[in-house]
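For reference, the structure discussed in these notes is given below.
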Amino acid sequence: MLDRKFILENVDAVKLNCKNRNVVADVDRFVELENDRRVKQRELDSLNQESNVIAKSIGKCKTQEERDAKKDEGRVVRDKIAALQQELKTLETEQSAIQRGIPNMAHPDCPIGDDDGANTVVCYGKTPLPKWSEGFKPLDHVELAEKYDLIDFEGGARVAGAGFYFLKNEAVLLELALEQFAINKLVKKGFTPTITPDLAKNSVLQGTGYIPRGNETQIYTIENTELSLIATAEITLGGLLADETIDSERLPLKFCGVSHCFRTEAGAAGRASRGLYRVHQFSKVEMFVFCLPDQSEAFHEELLGIEREIFDELEIPYQVVDTATGDLGGPAYRKYDIEAWMPGRNTYGEVTSTSNCTDYQARRLNARYKVKGEKGAHYLHTLNGTAVAISRALLAVLEMGQQEDGTIVMPNVLRPYLPFDRIAR
RNA sequence: GGAGAGGUGGCAGAGUGGUCGAAUGCGCGGGUUUGCUAAACCCGUGAGCUCGUAAGGGCUCCGCAGGUUCGAAUCCUGUCCUCUCCGCCA
């Protein structure tokens with residue numbers, strides 16, 4: 001969320017940003033409530049002071065009568081305090097609901113537009129689009145998977161419903177290889193590898209900007225608990241420093257996390273969802289960075305650079321997209337997606353996403369840093385990025401690797417992790 | 001799952017319901033002394049909000065949320081977490 005004071009001092013900019021991002025938020029009402037809150041808070045402070053003075057004076061009273069008189073006085077003040085507190089609470093509830101709905105400010109260079117149609121392509125990957133001979137019709141990954149018995153969608157549906165699947169045979173080894181490839185690379189780049197919980201407390205979900213309940217929620221919640229299945233390890237990794245204040249000398253902290261990701265995909269039926277493209281569960285290696293404010297833009301470029309390196313090395317053609325304001329999502333200040341070429345869909349499809357959330361996420365998580373010798377603590381900046389989302393990467397690797405003889409060649413970089421270099425029968 | 005114990009400042013660790021935002025030690029910052037370093041000594045050292053040009057003042061925070069009271073770190077209830085023992089188990 002944004003800082004209350006910042007909103008108050010930048011009303012017009014915040015409103016314009018909401019408009020650009022296609023978000024409806026009653027900023028005026030927020031300002032009204034904030035002004036009211038400040039007045040009431042000051043009143044409350046002075047009432048508390050009054051009550052403290054009375055309470056302290058009782059200890060020094062000489063006579064019982066004096067004492068009783070003071071007690072009555074104190075009781076009156078306490079009643080006033082209780083009433084005022086109630087008012088404040090009501091006010092703050094409404095206010096923070098509005099505040100949470102106000103999205104992060106956007107980077108000045110973000111393309112402005114209502115939806116993904118306004119996204120701009122920034123650059124392309126090293127690998128050229130596939131050139132198959134005239135007349136060769138590439139199979140999509142569902143057909144390839146069937147041909148080589150790599151994915152059992154029917155079995156997944158029988159066991160867990162539509163949107164679930166069993167990986168089988170080479171696909172299993174391919175998932176593990178992709179994970180190892182990504183993790184090894186990230187460790188070399190200074191990321192601390194983790195395997196995170198696949199569940200998190202709802203408070204952590206909210207801190208990272210995910211909403212566990214509601215109509216449009218993407219989140220599976222666990223009945224009778226305060227836990228949800230995570231949609232990404234961004235949630236667990238972000239939660240790692242919730243309510244912590246860390247020494248600036250320890251920064252930056254770069255983590256990568258392997259986790260399963262669960263998404264209900266409510267309302268996504270009918271959209272491009274064949275096969276592995278849109279599923280309820282997949283594995284992912286996620287990058288997450290906590291850093292100082294003046295470092296976050298550079299780290300954002302670094303995360304994008306790593307993602308590009310991974311997909312270049314996987315020999316998958318892609319384009320990089322700078323996400324338009326209307327398509328950013330709440331916490332992001334700027335977001336780049338890599339869209340890989342997917343021959344089966346004959347178009348690009350999103351395979352990674354990296355966001356600079358500046359202090360927006362950290363404020364809600366209460367994740368701060370302190371500079372030695374300086375007074376006060378400040379909010380960290382947080383960034384996240386997909387290293388490899390296995391389902392979609394697998395899809396791209398299978399479709400892009402297919403040869404005209406029907407076999408599927410594995411990218412060179414995965415060979416150290418695979419006991420085969422092509423899928424053939 | 002059952003039975004106990006405990007959660008206090010960066011850490012360790014005190015704390016009769018009022019004089020406690022909190023002793024003490026360590027750590028950290030500054031200073032004195034000293035060829036240098038160390039030691040010793042002295043001073044300072046949590047966060048957020050708020051009033052003030054400033055000096056300085058006020059409020060809140062002792063896991064979290066409530067309650068009792070004129071007054072709660074201290075009493076009560078709930079909750080979360082940690083530790084020990086038992087059971088169960090990959």
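The values are calculated or read from the model by the stated rules, or taken from the named source; none is laboratory data. Model, not experiment: these values are computed from the prediction. Positions of Cβ are backbone-derived with ideal geometry, glycine not excepted, and every protein chain shown enters the neighbour counts. Ligands, DNA and RNA are excluded from the accessible area calculation, which covers all protein heavy atoms including side chains. Shrake-Rupley method; radii C 1.70, N 1.55, O 1.52, S 1.80 Å.
Evaluate the relative contact order of region A:1-113 (contact order divided by residue number), counting alpha-carbon pairs under 8 angstrom at least 6 apart; express in whole percent.
49 percent
How much length is gained if the chain between A:D294 and A:E244 is pulled fully straight, taking 0.36 nm per residue apart and subtracting their Cα-Cα distance, in nm to one decimal? If you can, show how the numbers build up before the last one.
Numbers: separation 50, 0.36 × 50 = 18.00 nm, distance 1.99 nm.
16.0 nm is the gain from fully extending A:D294 to A:E244.
222 nm [θ] for chain A, helices only, -39500 (n - 2.57) per DSSP H run of 4+, per residue, to 500?
Working: 12 runs with 171 residues, N = 425.
Value at 222 nm, helices only: -13000 deg cm²/dmol.
On the full set of protein chains, 1.4 Å probe, figure out the accessible area of A:K89 and give it in Å² to the nearest 10.
Accessible area of A:K89: about 130 Å².
Per 0.36 nm of contour for each residue apart, how much would the distance between A:L16 and A:K40 grow if the chain were fully extended, relative to their Cα-Cα spacing?
Contour length minus Cα-Cα distance gives 5.7 nm.
Once all Cα-Cα distances of chain A are split into 20 Å bins that start at 0, what whole-number percent is in each one?
Percent of Cα pairs in each bin: 22, 49, 20, 7, 2, 0.
Evaluate the relative contact order of chain A (contact order divided by residue number), counting alpha-carbon pairs under 8 angstrom at least 6 apart; express in whole percent. Don't skip to the answer; put the middle values down first.
On the way: 796 pairs, mean separation 83.2, N = 425.
20 percent.
Pull up the cross-link candidates among the aspartates and glutamates for A:K137, meaning alpha carbon to alpha carbon under 18 Å and not fewer than 8 places away within one chain.
A:E146, A:E399, A:E404, A:D405
Just how large is the dipole of chain A about the Cα centre, in debye to the nearest 20, putting +1 at every Lys and Arg Cβ and -1 at every Asp and Glu Cβ?
On the way: 53 positive and 65 negative charges, 250 e Å.
With Lys and Arg at +1 and Asp and Glu at -1, about 1200 debye.
Filter A:K147/A:K284; A:K147/A:K168; A:K40/A:K70; A:K185/A:K284; A:K168/A:K188; A:K5/A:K370 down to the pairs with a C-alpha to C-alpha distance above 19 Å, please.
Numbers: A:K147/A:K284 25 Å; A:K147/A:K168 12 Å; A:K40/A:K70 25 Å; A:K185/A:K284 15 Å; A:K168/A:K188 30 Å; A:K5/A:K370 21 Å.
Too far apart for the 19 Å limit: A:K147/A:K284; A:K40/A:K70; A:K168/A:K188; A:K5/A:K370.
Just going by the charge dipole of chain A, with Lys and Arg at +1 and Asp and Glu at -1 on Cβ, which of A:S248, A:L394, A:L173 is farthest out on the positive end?
A:S248
Where the centroid of each part is defined by its Cα atoms, how far is region A:267-346 from region A:46-110 in Å?
A separation of 47 Å, based on Cα centres.
Using the Kirkwood radius over C-alpha pairs as Rh, can you work out the diffusion coefficient of region A:4-101 via Stokes-Einstein at 25 °C, viscosity 0.890 mPa s, in µm² per second? Working shown, then result.
Values: Rh = 16.0 Å.
So the translational diffusion coefficient is about 154 µm²/s.
If amide H atoms are built 1.01 Å from N in the plane of the peptide, which residues on other chains or at least 5 residues away come under 5 Å of the amide H of A:R368?
Counting only residues 5 or more places away or on other chains, the set is A:E244, A:T245, A:I246, A:L380.
Give me the one-decimal nm value for the distance between modelled label points at A:K131 and A:I211, 7 Å along each residue's Cα-to-Cβ direction.
5.0 nm
When the chain is fully extended, how far beyond the present Cα-Cα distance does A:T63 get from A:K147, taking 0.36 nm per residue of separation?
Once the chain is fully extended between A:T63 and A:K147, it gains 20.7 nm.
May I ask you to give the percent of accessible area on chain A that is carbon plus sulfur, with a probe radius of 1.4 Å?
On the way: 10260 of 20830 Å².
Roughly 49 percent of what the probe reaches on chain A is carbon or sulfur.
Amide H neighbours of A:Q281 under 5 Å, at least 5 residues apart or on other chains, H built in the peptide plane: list them.
Answer set, sorted by chain and number: A:R263.
Say R0 is 51 Å: what FRET efficiency, to the nearest 0.05, do A:F6 and A:V159 get from their beta-carbon distance?
So, using R0 = 51 Å, E works out to roughly 0.55.
Leaving out ligands and nucleic acids, and using a 1.4 Å probe, what accessible area per residue does chain A come to in Å²?
Details: 20830 Å² over 425 residues.
I get 49 Å² per residue for this part.
Starting from the Cα of A:V121, step 7 Å along the direction of its Cβ; do the same at A:E301; then give the gap between the two resulting points in nm.
Rounded to a tenth, the inter-label distance reads 2.3 nm.
What size of dipole, in debye to the nearest 20, comes out for region A:1-98 about its Cα centre when the only charges are +1 on Lys and Arg C-beta atoms and -1 on Asp and Glu C-beta atoms? Walk me through the numbers on the way to the answer.
On the way: 20 positive and 20 negative charges, 69 e Å.
Dipole magnitude for region A:1-98 comes out near 340 debye.
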